[in-house]
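Q: Sharing a structure with you now.
A short reminder: the numbers here are calculations on the coordinates, not readings from a lab. Quick caveat, the model's predicted, so the values are computed rather than measured. Cβ: placed from backbone, ideal geometry, glycine included. Neighbour counts: every protein chain shown.
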Amino acid sequence: MDRIEWTGEFSVGVRKLDEQHQKIINMINRLSDNQDDAHLFVSDREILLSLMEYAKLHLQYEEALLKKYGYPDLESTRRRMKTSLLQWNTFQLMS
């Protein structure tokens, strides 16, 4: 799997969110590296579970910010986030 390199194109213009997005990218890259290293240090499952937990926290933080600043499309964004969380929970149950 190819690594993802952070570029300014990914920036949402909010430092804390950009930092969280960079951390998510780093976790995805860790999964990629793990494939290249033939799982010598940690299991894919362990990395994915960490990624999912962090992503949940990120989405909660992002939703709180959107609400605080009156984001006009909050309900639509909430539905997308809820769908993502449900998919991750389903994946977690299956693994």
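Q: Considering Cα pairs under 8 angstrom that are at least six residues apart, work out the relative contact order of the chain and quote it in whole percent.
A: 23 percent
Q: Right, another one. With unit charges on the beta carbon (Lys/Arg positive, Asp/Glu negative), name the residue among ASN26, THR7, ALA55 whose Cα is farthest towards the positive pole of the charge dipole of the chain.
A: Positive-most Cα among the choices belongs to ALA55.
Q: Can I ask one more? Exposed loop chymotrypsin sites (Phe, Trp or Tyr not before Pro) only (DSSP loop, at most 12 other Cβ atoms within 10 Å): please give the longest stretch of the chain free of them, not including the sites.
A: Excluding the exposed sites themselves, the longest stretch runs over 1-40.
Q: Check the chain and count each lysine pair with an alpha-carbon distance under 20 angstrom, considering only pairs eight or more places apart or from different chains.
A: Lysine pairs meeting the criterion: 9.
Q: Where the only charges are on Cβ atoms (+1 Lys, Arg; -1 Asp, Glu), what is the dipole of the chain about its Cα centre, to the nearest 20 debye?
A: Values: 13 positive and 15 negative charges, 119 e Å.
The calculated dipole for the chain is roughly 580 debye.
Q: As a test of the definition: which semi-axes, in Å, follow for the chain when you take the square root of five times each eigenvalue of its alpha carbon gyration tensor? Largest first, please.
A: Working through the eigenvalues yields semi-axes of 27, 18, 9 Å.
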